[in-house]
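Take a look at the structure set out below.
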Amino acid sequence: MSYDHPEFAGSVIHKKVLRPKDSATLILVRRDSATPRILMGQRSGGHAFMPNKYVFPGGRLDAADSRVKPARDLHPATLAKLMSRMRGKPSASRARGLAHAAVRETWEETGLLFGRKAVEDAPDLSPLTLFMRAITPPGRTRRYDSRFFVADAEGLTNLDQPHHDGGGELLTLSWLTLDDIAGLDLPLITIDALARLKPFLDKGHLPACDCPASFQYYRGKSWVEDVIG
């Protein structure tokens, strides 16, 4: 399916075409009460990209992320989806690096440790499911090739005791129901991710590692919705 995405329609197009930077996001779902809750935080108004918006924790891939050896590897289906249609030469180490970036950025922005007891420990990446991928259109001042991972919050070893406050990268961190989130200022891509996740939550489970992942990007002047896996 292709159409002009409303989040980008009519926005200013810059002459310089930036190469999208690899990034990763972690959607953490807490299921220890009757209604599932998702970790969300508000970006500072001082950010050049999506100021004041409520988002999931995440950020850019660092070179060091691809050098981390996990305690437990990604599920083979997750690894395969990450390598499918990877820009440049597909690399398993880069695929693992994207998953580690999601875990690392969650720690840096929230003080929560996923898949490890201490920040220096090798992470367990096996519970992460690649759920969605989206690339910011050409001509924008910031471009990201973002992978959205989903995981159960039970993978956090300090669920209710963050080790730090995130240093202000994300403000007002909260575990919120979908009804709570509906009233927040969200990027449309976040709204889309939540809408795709809702059917799974309504059935009482999270997406399986081998679930198809939505892949969204611009081709020419049209926003394309594709599938990986």
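Read-outs: derived from the displayed coordinates by stated rules, not from any lab. These figures come from a predicted structure and were not determined experimentally. Heads up, the Cβs are rebuilt from the backbone with ideal geometry, glycines too, and the neighbour counts pull from every protein chain shown.
At a glance:
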{"read-out": "Environment charge of Asp179, counting only residues whose C-beta is closer than 15 Å and scoring Lys/Arg +1, Asp/Glu -1", "value": "+1"}
{"read-out": "The chain - Rg (one decimal) and Dmax (whole number), Cα, Å", "value": "16.8, 50"}
{"read-out": "Violating pairs (Cα-Cα greater than 26 angstrom) within the set Lys21/Lys117; Lys69/Lys117; Lys21/Lys221; Lys198/Lys221; Lys21/Lys89", "value": "Lys21/Lys117; Lys198/Lys221"}
{"read-out": "Highest-fluctuation residue, Glu120, Glu154, Glu109 considered, GNM on the chain with Cα pairs under 10 Å", "value": "Glu120"}
{"read-out": "Positive-end extreme of charge dipole, the range 30-130 - chosen from Ser84, His100, Ser66 (charges on Cβ)", "value": "Ser84"}
{"read-out": "Per-residue Cβ neighbour rank within 10 angstrom, fewest leading, Val150, Val227", "value": "Val227, Val150"}
{"read-out": "Within the range 102-116: backbone nitrogen closer than 17 Å to the Arg67 label point (7 Å, Cα to C-beta)", "value": "104"}
{"read-out": "Asp121/Ser174 FRET efficiency (R0 22 Å; Cβ-Cβ; nearest 0.05)", "value": "0.25"}
{"read-out": "Relative contact order %, the chain, counting alpha carbon pairs below 8 Å whose residues are six or more apart", "value": "30"}
{"read-out": "Charge-dipole axis of the range 2-228 as Lys and Arg at +1 and Asp and Glu at -1 on Cβ define it, positive-most pick from Gly220, Leu130, Gln42", "value": "Gly220"}
{"read-out": "More than 18 Å apart - percent of Cα-Cα pairs taken over the range 80-133", "value": "35"}
{"read-out": "Helix-only CD estimate at 222 nm, as mean residue ellipticity for the chain, using -39500 (n - 2.57) per DSSP H run (n ≥ 4)", "value": "-6000 deg cm²/dmol"}
{"read-out": "Highest-MSF residue in the chain out of Arg104, Arg94, Arg142 [GNM, Cα springs under 10 Å]", "value": "Arg142"}
{"read-out": "Gaussian network model of the chain, springs between alpha carbon atoms under 10 Å - residue of Leu188, Leu130, Leu26 with greatest fluctuation", "value": "Leu188"}
{"read-out": "Dipole magnitude of the chain about its Cα centre (Cβ charges: Lys, Arg +1; Asp, Glu -1), debye to nearest 20", "value": "1160"}
{"read-out": "Full-stretch length increase - Val224, Lys198 - with 0.36 nm per residue and alpha-carbon distance subtracted", "value": "7.2 nm"}
{"read-out": "DSSP H segments from the chain that extend 15 Å or more along their own axis, Cα-based, with Kyte-Doolittle mean of 0.5 or above", "value": "188-202"}
